[in-house]
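Structure first, commentary second.
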Amino acid sequence: MECIIESPVGNLLLRETGLGISEIAFTEQTVRWNDGRFFKQAADQLGEYFSGKRTVFDLPLDMKGTVFQKQVWEALCRIPFGETRSYQEIACEIGRPKAVRAVGMACHVNPVVIAVPCHRVIGKNGSLTGFGGGLDKKSFLLKFEHRNMDL
């Protein structure tokens, strides 16, 4: 089941299973609502995030991935609002310091953008690097969080 909502960074496709949100992705599709079990909760939390009232998501997630990918995604969720980490720092945090490229790939296939904040991962030299939604969206999200760090 899926629905599409508006956000300041573009329309977002939400998908859910019987267990939770399985995908939040950028889309060019037009807005359409669906009364799924978890869509209202996800839409409300995304709205709170973009209105500056939420810094941490508390959604039931049903993300499909390898054990390694799930370790990376869990590490992403520990990056505080308004802060960034390098791919190298994430690799070290999960005990795989040589797996920097694999961390990058796990970020690239993160199925739940924004709520699992892969946009907070940057290059070791501080540069913005790849982002599935495009670097313009990554830059928007990082600037948005930086402006709202005092929440």
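Each reported figure results from applying straightforward, stated rules to the coordinates on display, with no laboratory input. Values in this document were obtained by computation on a predicted structure and should not be read as measured data. Note that we place each Cβ from the backbone using ideal geometry, even for glycine, and neighbour counts take in every protein chain shown.
Here are a few things to note about the model shown:
- FRET efficiency, HIS108 to ASN11 (Cβ-Cβ, R0 22 Å, nearest 0.05): 0.60
- Placing dummy labels 7 Å off each Cα toward the beta-carbon, the span from THR66 to HIS146 is 3.3 nm.
- Fraction of beta bridges assigned by DSSP in segment 1-137 that are antiparallel (%, nearest 5): 70 percent
- More than 14 angstrom apart: percent of Cα pairs within segment 2-50: 42 percent
- Which of LYS64, LYS138 has the fewest Cβ neighbours within 10 Å, and the rest in rising order: LYS64, LYS138
- Cα gyration tensor shape of segment 101-140, rounded if a/c is under 1.5, else prolate or oblate by comparing a/b with b/c: oblate
- Our summary gives segment 1-130 a relative contact order of 22 percent, counting only alpha carbon pairs under 8 angstrom and 6 or more residues apart.
- Scaled against 2.2 N^0.38 Å for its residue count N, the alpha carbon radius of gyration of segment 79-151 is 1.05.
- At R0 = 25 Å, FRET efficiency that the Cβ-Cβ distance of PHE81 and ASN125 yields, to 0.05: 0.65
- The chain - mean residue ellipticity at 222 nm from DSSP helices (-39,500 (n - 2.57) per run, n ≥ 4, rounded to 500): -10000 deg cm²/dmol
- With one equal scatterer per alpha carbon and no solvent term, the Debye-computed log10 I(q)/I(0) for segment 8-104 at 0.13 1/Å reads -0.56.
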